[in-house]
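The values are calculated or read from the model by the stated rules, or taken from the named source; none is laboratory data. In this text the structure is predicted, and so the values were computed from the model without any measurement. Here the Cβ positions follow ideal geometry from the backbone for every residue, glycine too, while neighbour counts run over all protein chains shown.
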Amino acid sequence: MLWVALFIPLAPMATGETMRRVFAETDELLPNPGMGWQTFHRFADEDPNLGGLPSMSAYFRFYWRELEPVEGQIDFVHLDALLARARRAGQRLALRVMCAGTNEQEMYVPEWLRAKGCPGFSYQYEGQGPTHWVPDMDSPIFLDAHLGFIERLAERYDGHPDIDLLDIGTVGLWGEWHMSGTGVDVPSWATRRRIINAWMRAFPRMPKVMLIGDAEGLSYAAQNGCGWRADCLGDMGGFSKTWNHMEHFYRQQLERTMTRDVWRTAPVAFESCWDMRKWVGEGWDVGAIFDYALDLHASYVNNKSAPIPPDAKREVERLLRRLGYRIVIRSVEHPDAVYAGAALPIHMEWGNVGVAPPYRDDRVAVRLRNTSSTHVAVTTLGPPVRGWTPGTIHLDIRLSVPEDAPAGDYALEIALLPPDSQEPVIRLANEGRQSDGWYCVGAVRVAERPVER
């Protein structure tokens, strides 16, 4: 972290003078959790198309039949292996569960579900190709089995540190909440609401999104703490010369569902329509497409791990400097000395220069570390950064110094700590990150309290 040489003495204190330090920002691309450029069905350390871009989120979609091939026996071995693999790649797993598709398989739910007598519907996608079967989701047999699956999945994984995001699927082709091109209706609103409730209640500690297409479902899910996801970022006329997702659907759907401001409390995620090679080939404005995502306060963009056209790489990097949250420490004020057993008042000015807040409860942490040893006198936790919308944040913390803190020189350090760990994960948009993830923001002298006579 660069310190602008600015040491401004303010009102004198009993134990010294108050110093104010101002810090410079960096334009470095930051690998931070809960946001950013997603890989798709592969991990960052095996994705050559990242081309050096940071990614802490690996997005995977699963059909229900893959995860519970035997009734009551979820394939936790497979899921745990993927979570461990994500951790080795420096990522967390984002996931969706689906019940209908269009490839060569007949059925995307477990075989045992139909064997139990669950009714269903046959379809061909757009009247071509193989015949598929989808369960009648209004059936009690389906609901009992699938909602039980959700509960068992959550018992093991809600709040798991290696899961980044839950994309609520279940309904529709590929879990997209529509059955377009099949002649099959989506289940009743009562059933769709019940499925949404099941995911929301089972995973209260997990950031969640849902595809934007189902207006009733999106509105209801957003009212209950869910964000949204759109999978055709960049469509400027690839399906029709008179209609496209960007100009004629996304903003209008947000207005219809009154979810324009859901980004303040839950994430927004985009997936590219086709991939960026299509955008460039059609002559569409890549920068304007990304500005659209930023204007809607996106936290994630997913290009399906496809190659990034060379001429578009700069625009991707510009996107990543604003996508999601980007936390910076701007200034710190504190007395330069404190007595052991006293409280050190600290005023900090923070900023979020991204377009969305963090959605997890990482907390501001402050500590004094003795510069002549590894002794840490105290660590004080401040408020969580969840909900820090773009702008300036002022924060006051009183750090209590223990009576037995050895006299001497201490470094004043800050970090953002996860609620379940003492190891910082979030990187600030400042230079000077230490090997343990903390940032030094000042120096304090701890003195023995004078003996009263």
So the check is Cβ under 6 Å with 6+ separation or different chains; which pairs have a first residue in segment 100-129 that's closer than 20 Å to I74 by Cα and a second one that's among the small types (G, A, S) and in a loop (DSSP other than H, G, I, E, B)? Y108/A100; Y108/G101; C118/S139
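Scan segment 154-168 for residues that are of a type outside the set (D, E, K, R) and more than 18 Å from L67 (Cα to Cα) and jot them down. Explain how you work it out, then say what you get.
Of segment 154-168, the ones of a type outside the set (D, E, K, R) are 154, 157, 159-161, 163, 165-166, 168.
Scanning segment 154-168 gives G159, P161.
From the list P140, P119, P110, pick out the single residue that is farther than 17 Å from F62 by Cα, touching a strand residue (DSSP E or B) at 6+ places or on another chain (Cβ under 9 Å) and modelled with pLDDT of 95 or more.
Numbers: P140 fails: touching a strand residue (DSSP E or B) at 6+ places or on another chain (Cβ under 9 Å); P110 fails: farther than 17 Å from F62 by Cα.
Every option except P119 fails the conditions.
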Restricting to segment 337-379, name every residue that is surrounded by fewer than 18 Cβ atoms within 10 Å (Cβ to Cβ) and either acidic (D, E) or touching a helix residue (DSSP H, G or I) at 6+ places or on another chain (Cβ under 9 Å) (or both). E349, D361
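Taking strands (runs of 3 or more DSSP E) that do not extend beyond segment 212-302, which have at least 1 residues that are within 19 Å of the chain's Cα centre (by Cα) and more than 25 Å from N49 (Cα to Cα)?
Those strands (runs of 3 or more DSSP E) span 227-233.
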Taking into account only those residues within segment 65-113 that are small (G, A, S) and outside any loop (DSSP other than H, G, I, E, B), which is nearest to W174 (Cα to Cα)? A94
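Give the residues of segment 415-453 that are among the β-branched types (V, I, T), under 34 Å from the mean Cα position of the chain (by Cα) and at pLDDT below 95, sorted by residue number.
From segment 415-453, those among the β-branched types (V, I, T) are 425-426, 441, 444, 446, 451; that's our starting set.
Applying the additional criterion that residues be under 34 Å from the mean Cα position of the chain (by Cα) yields 425-426, 441.
Once the filter is applied, which keeps residues that are among the β-branched types (V, I, T), under 34 Å from the mean Cα position of the chain (by Cα) and at pLDDT below 95, segment 415-453 yields only V425.
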Confirm whether I289 is touching a helix residue (DSSP H, G or I) at 6+ places or on another chain (Cβ under 8 Å), modelled with pLDDT of 95 or more and either surrounded by fewer than 23 Cβ atoms within 10 Å (Cβ to Cβ) or of a type in the set (F, W, Y) (or both). no
Name the single residue, out of those in segment 233-249 being crowded, with 20+ Cβ neighbours inside 10 Å and touching a helix residue (DSSP H, G or I) at 6+ places or on another chain (Cβ under 8 Å), that is farthest from P187 (Cα to Cα). G234
Among (1) at pLDDT 95 or above; (2) outside any loop (DSSP other than H, G, I, E, B), the one test that L381 misses: (1)
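So that you can scan it fast, the table gives a plain yes or no per residue for (1) assigned to a loop (DSSP other than H, G, I, E, B); (2) within 22 Å of R264 (Cα to Cα); (3) in contact (Cβ under 8 Å) with a residue 12 or more places away in the chain; (4) of a type in the set (S, T, N, Q):
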residue	(1), (2), (3), (4)
L147	no, no, yes, no
R156	no, no, yes, no
H178	yes, no, yes, no
G183	yes, no, yes, no
M200	no, yes, yes, no
P204	yes, yes, yes, no
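Find the residue count for segment 226-269, including only residues that are on the phi > 0 side of the Ramachandran plot and touching a strand residue (DSSP E or B) at 6+ places or on another chain (Cβ under 7 Å).
To start, the set of residues in segment 226-269 that are on the phi > 0 side of the Ramachandran plot comprises 234, 237, 258.
Narrowing the set further to residues that are touching a strand residue (DSSP E or B) at 6+ places or on another chain (Cβ under 7 Å) leaves 234.
Final tally of qualifying residues: 1.
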